[in-house]
Amino acid sequence: MHNIPRDTPMPQSGLIFRVLVASPGDCAQERKIIPEVIAAWNAVNSLSTAAAVEPVMWETHARPEMGDRPQAIINKQLVRHCDLLIGAFWTRLGTPTGDAESGTAEEIEEFRKAGKPVLLYFSSAPVVPDSLDMEQYQALLGYRRSLGEEGLYSQYETHAAFREQLQRNFASTMIELLDVHSGARAAAAATQVVQDIDPLAVQREAVRQFQQQFETFLRRLRTEWTAERESDPHSTDDGKYIFSRAADDVVHFRSMITHDSSELSEILEDTLRRMKALQRHQVYVDGGRSFRAFWGEGDGILLELEKVPSILSQIAEDGSSPDGT
């Protein structure tokens, strides 16, 4: 038997998150970058957060199985056990599965139905025309248009830009996942010790965590928007970029609310529509009116979002959940 010195660090228990890497076959470089970004996050954060993230890919994690559609088997083996999806598209949508336009599209829909976060990216990098499968490309464009109304994706032109966007968005998403799951783990541990825990207290704690996450997001958005607006910008490009990223966060918060008629849902849906409209805002030679209108609308969106914390405070006080129940 080996004698372990008393001052030897003991193994650390923690959370394991699984990230599904989803893309058609033309995104080989992106499928290398995504695990690299995850590994970099683990190296910096795993010790302090007591959490580790595992990239899950069909080519490394799927096993042979018979009795169902190939994609249905992948869904059962991989998709349903993952916490976050990171997807990338370039020129192809992928092969239809029988239930969806492609395997990647079906995986994304599985995550959306489950209310799990999705980070989705479309490349606008140049492509050699002769290598383009026009049927696949047209299918991809149609799919992207269907997602555009719901604020579900970002775009990039280079692999370096993809890496930079993913690092920032992944870090932000992990903060939210850690908040949710760390709180759930602490609540579960407390329930084991105190079996007669007050359900109302649990609901209030869930609302409090939701409110903390939203206020963190709101402070970041307000700081970025105000700094850009007051920097004497010559175009609206950076302002549009700020709200394109914020739309991803709003989609995530909306996915956590299931009661469609609640005031909270209506505010998030309205601001998401306004954010998407702001992406299409055109600036004309009109003495600066359309330019000022852009920044005024951004300010208006922020004011609308700033109603959310007070609504959450009222929900907590009433003892109901964020979905209005």
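The values are calculated or read from the model by the stated rules, or taken from the named source; none is laboratory data. Being a predicted model, the structure only gives us computed values, none of them experimental. Glycine also receives a Cβ, built like all others from the backbone with ideal geometry; neighbour counts cover every protein chain displayed. For accessibility, only protein heavy atoms count, side chains too; no ligands or nucleic acids. Shrake-Rupley method; radii C 1.70, N 1.55, O 1.52, S 1.80 Å.
Here are some notes:
- Against the empirical curve 2.2 N^0.38 Å, the C-alpha radius of gyration of segment 13-76 lands at a ratio of 1.33.
- Local net charge near residue 53, Cβ-Cβ under 13 Å (Lys/Arg +1, Asp/Glu -1): -2
- Residues whose amide H falls under 5 Å from that of residue 121, counting only those 5 or more places apart or on a different chain, are 87, 88, 89, 154, with hydrogens built in the peptide plane.
- Rounded to whole numbers, the Karplus 3J(HN,Hα) couplings from phi for segment 66-76 are 10, x, 7, 4, x, 5, 5, 5, 4, 4, 5 Hz, using 6.51 cos²θ - 1.76 cosθ + 1.60 with θ = phi - 60°, and x at Gly and Pro.
- 1.4 Å probe accessible area per residue over segment 50-119, in Å²: 48 Å²
- Net charge contributed by nearby residues that have their C-beta within less than 10 Å of residue 241 (K/R +1, D/E -1): -2
- Summarising the strand pairing of segment 2-134, around 0 percent of its internal DSSP beta bridges are antiparallel.
- Couplings for segment 312-317, taken from phi via the Karplus curve 6.51 cos²θ - 1.76 cosθ + 1.60 with θ = phi - 60°, read 5, 4, 5, 4, 4, 5 Hz in order; Gly and Pro are left as x.
- Each label point was placed 7 Å from the Cα along the Cα-to-Cβ direction; for residue 16 and residue 81 their separation is 0.8 nm.
- Estimated at the nearest 10 Å², the accessible area of residue 95 is 100 Å² with a 1.4 Å probe.
- Measuring between their Cα centroids, segment 277-293 and segment 111-127 lie 29 Å from each other.
- Computed from the C-beta positions of residue 161 and residue 314, the FRET efficiency with R₀ = 45 Å rounds to 0.65.
- Net charge over other residues, Cβ less than 13 angstrom from the Cβ of residue 140 (K, R count +1; D, E count -1): -1
- Taking all protein chains together, 234, 61 sort by accessible area into 234, 61, largest first [probe 1.4 Å].
- Estimated FRET transfer efficiency when R0 is 41 angstrom, pair residue 220-residue 62 (beta carbons, to 0.05): 0.65
- Listed values for segment 156-168 are Karplus-derived 3J(HN,Hα) couplings in whole Hz (6.51 cos²θ - 1.76 cosθ + 1.60, θ = phi - 60°), namely 8, 9, 10, 5, 5, 5, 4, 4, 5, 4, 5, 4, 5, and x replaces Gly and Pro.
- Between amide H atoms placed 1.01 Å from N, distances below 5 Å from residue 51 occur with 15, all of them 5 or more places distant or on a separate chain.
- Here segment 201-307 has an Rg and Dmax of 15.3, 56 Å, counting Cα atoms alone.
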